[in-house]
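What follows is one structure encoded as structure tokens, with my remarks underneath.
The values are calculated or read from the model by the stated rules, or taken from the named source; none is laboratory data. Owing to the predicted nature of the structure, the values given are computational and were not obtained by experimental measurement. Positions of Cβ are backbone-derived with ideal geometry, glycine not excepted, and every protein chain shown enters the neighbour counts.
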Amino acid sequence: MRIAQIAPLHESVPPKLYGGTERVVSWLTEELVRRGHEVTLFASGDSQTQARLIPFRERALRLDPTAIDTVAPHILMVEKAFQMADEFDIIHGHIDYYPYALARRHPQVSFLATLHGRLDIPELQPLYTEFQDIPVVSISNAQRRPLPQARWVGTVYHGLPLDLHRFYPEKGDYLAFLGRVSPEKGLDTAIAIAARAGMPLKAAIKIDAVDRQYYELEIKPLASRHPNVEIVGEITEQEKSEFLGKAYAVLFPIRWPEPFGLVMIEAMACGTPVIATRFGSVPEVMADSRSGFIVDSVEEAVEAIEKVGSLDRAGVRQVFEERFSVERMVSEYEALYRQLVNERQEISKKVA
């Protein structure tokens, strides 16, 4: 098939540092190329891919200090993709609703959107009521609940290459936190859990501009009061395996409707158990008592730390291999591509 992937421009594909959606787009794109598809990737100019790259801007927006308007480049990229619509069997968007109006007006090409973010936002209700004809994919069943009126054609859990992260059979001596510094991600809760458990906590964090004040006023003073906390900062993909793999457990104490939570399966790939709070996708992604524990409070998390050492790290890795490989993810997307292309062809025959 001739497939276009439209990636966000905030990070390169794959990201140089932190980045979830762009990382998934990279794994998807490269596996589709490996399977013999003709793939075109619309992404920032500093992206690396075996597909044909149509670049927009020299650098990803987040790492470009000259970037002011982040919406305009995305609108331009979508316009370019649909100007080239005749070159594709399907266009797969990963940038929310930006392509919907053009997708509706280009019936000669199939379109699919994977929604990577939270959907419990009031302004999305009328938008998805209007665009009920646009096929969309959720990355967990929990994610789609706020928008029952959308045209859901499937749920595809993220997957990553089986050889991406090294398996660490021996448990480490610290707790790990990996993610953005924002209230919903729960770094303050992770600090409280580690303090109560009497264990060191290493936090590899990304601080967005919007969260800088929260970090300076809340997290930084809190961390300074706890000598067991080490703020590592952003880490690269190459550093991630060792950071996660050498941990005793990974803490994922979110308090928001997490659409997926990539760090959970990255930890599983290393064999490291996860202790996660029961929000959003967590009950779908986690295999409770196999890949870690699902908890509802700080007290339960501390109890889980006492139990987590008894888990078989090879069993944690097995959960990852069984459920979250890139091969499984791409096969599910291929099936959706064929379904949508066949639907379009049938409609074209009836019109003719």
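Counting only helices (runs of 4 or more DSSP H) wholly contained in region 189-279, the ones carrying 2 or more residues that are under 18 Å from GLY19 (Cβ atoms) occupy 237-245, 262-270. Do you know which residues across region 331-345 are surrounded by 14 or more Cβ atoms within 10 Å (Cβ to Cβ) and at pLDDT below 95? Matches in region 331-345: ARG344 only.
Which of the residues that make up region 225-259 are surrounded by fewer than 17 Cβ atoms within 10 Å (Cβ to Cβ) and under 15 Å from MET199 (Cβ atoms)? Listed by number, the residues that qualify are HIS226, PRO227, ASN228, GLU230.
Evaluated against (1) within 17 Å of the chain's Cα centre (by Cα); (2) closer than 20 Å to ILE6 by Cβ, LEU160 falls short on exactly one condition, (2). Among the residues of region 293-342, the ones that are of a type in the set (Lys, Arg) and in a loop (DSSP other than H, G, I, E, B) come to 0 in all.
GLN345 satisfies every condition listed in (1) closer than 30 Å to PRO135 by Cα; (2) assigned to a helix (DSSP H, G or I); (3) in contact with a strand residue (DSSP E or B) (Cβ under 8 Å, 6 or more places away or on another chain); (4) not aliphatic (A, V, I, L, M) except (3).
Considering region 203-224, and only residues there that are among the acidic types (Asp, Glu) and touching a Ser or Thr at 6+ places or on another chain (Cβ under 9 Å), the residue that is surrounded by the fewest Cβ atoms within 10 Å (Cβ to Cβ) turns out to be ASP208.
Could you identify the single residue in THR189, THR114 that is of a type in the set (S, T, N, Q) and over 21 Å from the mean Cα position of the chain (by Cα)? None of the other options fit; the residue is THR189. In the condition set (1) buried (at least 18 other Cβ atoms within 10 Å of the Cβ); (2) not in a helix (DSSP H, G or I), VAL153 is compliant with all but (1). Take the conditions modelled with pLDDT under 95 and either on the phi > 0 side of the Ramachandran plot or not β-branched (Val, Ile, Thr) (or both) and apply them to GLU184. Does it pass? Yes: the conditions hold for GLU184.
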